[in-house]
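Engineer: Encoded as structure tokens, here's the structure I'll be asking about.
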Amino acid sequence: MKRLDDNYLGKVTQLRRSLHAAPELAYQEHETAKTVCNWLKACNLEVFSGIGGTGVVGVLRRGSSGRAIGLRADMDALPIQEATDLAYRSAVPGRMHACGHDGHVAMLLGAAGVLSTEGGFDGTVHFVFQPAEEGGAGAKRMIEDGLFQRFDMQSVYSLHNWPDLPKGVIALRPGPVMGASFRFRVVVTGRGAHAATPHQGIDPIPVVCATVQALQTVVARECSASDSVVISVTQLGGGEALNVVPQTAWFAGTARVSSPATEARVREALRRTATAIAQAHGATAAVEVHAGYPATVNSPAETRNCVEAAERVFGVDGVRADVPVCLTTEDFGYMLAEKPGAYALLGGGGREGAPGLHNPHYDFNEEILSLGIRYWVELTRSILKESK
């Protein structure tokens, strides 16, 4: 990999820092997209922009094979005020690359530069730069805008920096990697009354309290111990005056699960529990459920390809399969629902006291830029092998 010398890594590092200093939120990644387009054009790739809003795809062809893959990086930042003292800290108030998407973009652009110069593969690589991963479902928007119809890739791959894993390690496993999520809101309606005469009404607040408590048993008694499930009630409210039993009270939250079957079970348990407890008190419960991101599920054959490529970069001991399913969500799950592929967690830890993702003090570990580039290059050459 001749291109990946200190001089080239310096350029990639500077690119990453410029992205970090100019973060853009979901579907606002206009300058980021321009930077991506300019780099890809300088590498002599075919460049397509405006996909799914601000998404970009760069296409690199070599040889005569009809095989094609997609490599994806997310571009958006978070609505967080950066609290670091870095020379390249965010110059935009209230916005920050606190999840390392600036590093993801830099690694994939770095790989595009190496592959465009050195080749070493036979087929087509689609470099997919996606907007709005942080809650905006940019992957879904790109798919709806014809991503897989316009760019015929047989499989698709992505990675995420992971501070909880040490530098020099990458986690890959078949099956679920990230969980699915859904949001819920339950409104309990009773009958209002004076606070001095609660017996004349039906107080919805004890109903809410009983329901929140009962939901804790769903995970412990209705889901298998081998499932990854979290139900978190994160908001609740009711009442406007201290001397009034309110007519309604409510609570809301999120559930994270590892499989569609578990999600269906948890949704049904939520509705059943809320309805039954309300009825037992003479009240009613209206349950609203809103879908979030699907689970991110790696396909077995494609994961094996990734593991084999990763072992040549990280060594056999540097490839981990024992990392549990993480119940944070990732909209790359939409892409894996359409195409086989795999999602990897690239270790970025090893710096003592370094904060984790979505933290105002977080900074992407630039020491792993070369590892990410080498992984993308090796994976491409492994899947799109040249004929001898």
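The values are calculated or read from the model by the stated rules, or taken from the named source; none is laboratory data. Note that this is a predicted model, so its numbers are computed, not measured. All Cβ positions, even for glycine, are placed from backbone atoms using ideal geometry, and neighbour counts span all protein chains on display.
Engineer: What number of residues in segment 55-68 are hydrophobic (A, V, I, L, M, F, W, C) and crowded, with 23+ Cβ neighbours inside 10 Å? Show your work before the answer.
Structural biologist: Within segment 55-68, the first condition is being hydrophobic (A, V, I, L, M, F, W, C), and the residues that meet it are 56-57, 59-60, 68.
Restricting the remaining residues to those that are crowded, with 23+ Cβ neighbours inside 10 Å gives 56-57.
Total meeting the criteria: 2.
Engineer: Then there's this: Just wondering, is there one or more residues in segment 24-39 that are in contact with a strand residue (DSSP E or B) (Cβ under 6 Å, 6 or more places away or on another chain), part of a loop (DSSP other than H, G, I, E, B) and either at pLDDT below 95 or not acidic (Asp, Glu) (or both)?
Structural biologist: Kept after step one, since they are in contact with a strand residue (DSSP E or B) (Cβ under 6 Å, 6 or more places away or on another chain), are these residues of segment 24-39: 33, 36-37.
If we keep only those that are part of a loop (DSSP other than H, G, I, E, B) too, we end up with none.
Checked segment 24-39: no residue is in contact with a strand residue (DSSP E or B) (Cβ under 6 Å, 6 or more places away or on another chain), part of a loop (DSSP other than H, G, I, E, B) and either at pLDDT below 95 or not acidic (Asp, Glu) (or both).
To keep it simple, each residue is scored yes or no on (1) more than 30 Å from GLN213 (Cα to Cα); (2) in the same structural domain as LYS167 (by TED's automatic domain parsing); (3) under 20 Å from the mean Cα position of the chain (by Cα).
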{"site": "GLY282", "(1), (2), (3)": "no, no, no"}
{"site": "ALA286", "(1), (2), (3)": "no, no, no"}
{"site": "SER299", "(1), (2), (3)": "yes, yes, yes"}
{"site": "THR303", "(1), (2), (3)": "yes, yes, yes"}
{"site": "GLU308", "(1), (2), (3)": "yes, yes, no"}
{"site": "GLY318", "(1), (2), (3)": "yes, yes, no"}
{"site": "THR329", "(1), (2), (3)": "no, yes, yes"}
{"site": "TYR362", "(1), (2), (3)": "yes, yes, yes"}
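Engineer: Of the numbered conditions (1) among the hydrophobic types (A, V, I, L, M, F, W, C); (2) assigned to a strand (DSSP E or B); (3) closer than 26 Å to ASN305 by Cα, ALA106 fails exactly one; give the number of that condition.
Structural biologist: All conditions pass for ALA106, except number (2).
Engineer: Taking the residues in segment 156-183 that are among the basic types (Lys, Arg) and touching a helix residue (DSSP H, G or I) at 6+ places or on another chain (Cβ under 8 Å) as candidates, determine which candidate is nearest to GLY333 (Cα to Cα).
Structural biologist: If we filter segment 156-183 for residues that are among the basic types (Lys, Arg), which is where we start, we get 167, 173, 183.
Subset that is touching a helix residue (DSSP H, G or I) at 6+ places or on another chain (Cβ under 8 Å): 167, 173.
Values: LYS167: 25, ARG173: 15 Å.
Filtering first and then ranking leaves ARG173.
Engineer: Taking segment 57-77 on its own, how many of its residues are over 17 Å from VAL114 (Cβ atoms), within 18 Å of the chain's Cα centre (by Cα) and in a strand (DSSP E or B)?
Structural biologist: Just the residues of segment 57-77 that are over 17 Å from VAL114 (Cβ atoms), to begin with: 57, 64-68, 70, 72, 74-77.
The next check asks that each one be within 18 Å of the chain's Cα centre (by Cα); those that pass are 70, 72, 74-77.
With in a strand (DSSP E or B) added as a condition, the list becomes 70, 72, 74.
Looking only at that region, the number is 3.
Engineer: Hey, could you check segment 126-156 for residues that are among the charged types (D, E, K, R) and part of a loop (DSSP other than H, G, I, E, B) and say which is surrounded by the fewest Cβ atoms within 10 Å (Cβ to Cβ)? Give the steps one after another, and end with the answer.
Structural biologist: The first filter runs over segment 126-156 and keeps only residues among the charged types (D, E, K, R), leaving 133-134, 140-141, 144-145, 150, 152.
Checking the rest, the ones that are also part of a loop (DSSP other than H, G, I, E, B) come to 133-134, 145, 152.
Details: GLU133: 25, GLU134: 19, ASP145: 14, ASP152: 11.
Here the residue is ASP152.
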